[in-house]
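The values are calculated or read from the model by the stated rules, or taken from the named source; none is laboratory data. Just so you know, these numbers come straight off a predicted model, no measurement behind them. No Cβ is skipped: glycine too gets one built from the backbone with ideal geometry, and neighbour counts run over all protein chains shown.
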Amino acid sequence: MNFDKCTKSNPPVVSSGLTMDLPAFDLMRIKAAAAFLGWSVSSVYRAMANRGLPARRLGERWVFSRSELYAWVKKQPGINLPTES
């Protein structure tokens, strides 16, 4: 990935292999996604399997889009993101 010409209006993009490409700065790995949600890593895996938590494989790793996680949480009844203090 070439970052030489990256700007906020032209961010680096990682191909997800699915229906869309995501800016690299929007992606996080599973531990970061768990911290973002305020859950354990095992709860994230469970939500991926049972509740449709959006995730993608990038090589051998699972990656999550911060914006997709935020949108997913907003649609789920009874789930709120932790507040920052």
ask   = Restricting to the range 47-79, what's the tally of residues that are outside any loop (DSSP other than H, G, I, E, B), among the hydrophobic types (A, V, I, L, M, F, W, C), surrounded by 14 or more Cβ atoms within 10 Å (Cβ to Cβ) and modelled with pLDDT of 90 or more?
value = 8
ask   = Out of the range 25-61, which residues are within 15 Å of A71 (Cα to Cα) and not hydrophobic (A, V, I, L, M, F, W, C)?
value = D26, R51, G52, P54
key: the range 60-85, residues that are among the small types (G, A, S) and either closer than 19 Å to S40 by Cβ or touching a residue at least 40 places away in the same chain (Cβ under 8 Å) (or both)   = S65, S67, G78
inquiry  = Return the residues of the range 25-46 that are part of a strand (DSSP E or B) and among the basic types (K, R); say none if nothing qualifies.
reply    = R29
task = Assess whether A24 counts as being modelled with pLDDT of 90 or more and on the phi < 0 side of the Ramachandran plot.
result = no
ask   = Out of all the residues in the range 29-36, is one or more surrounded by 12 or more Cβ atoms within 10 Å (Cβ to Cβ), on the phi < 0 side of the Ramachandran plot, of a type in the set (K, R) and touching an Asp or Glu at 6+ places or on another chain (Cβ under 8 Å)?
value = no
key: Unique match (being at pLDDT below 90 and either more than 29 Å from P77 (Cβ to Cβ) or touching a strand residue (DSSP E or B) at 6+ places or on another chain (Cβ under 9 Å) (or both)) among V44, V13   = V13
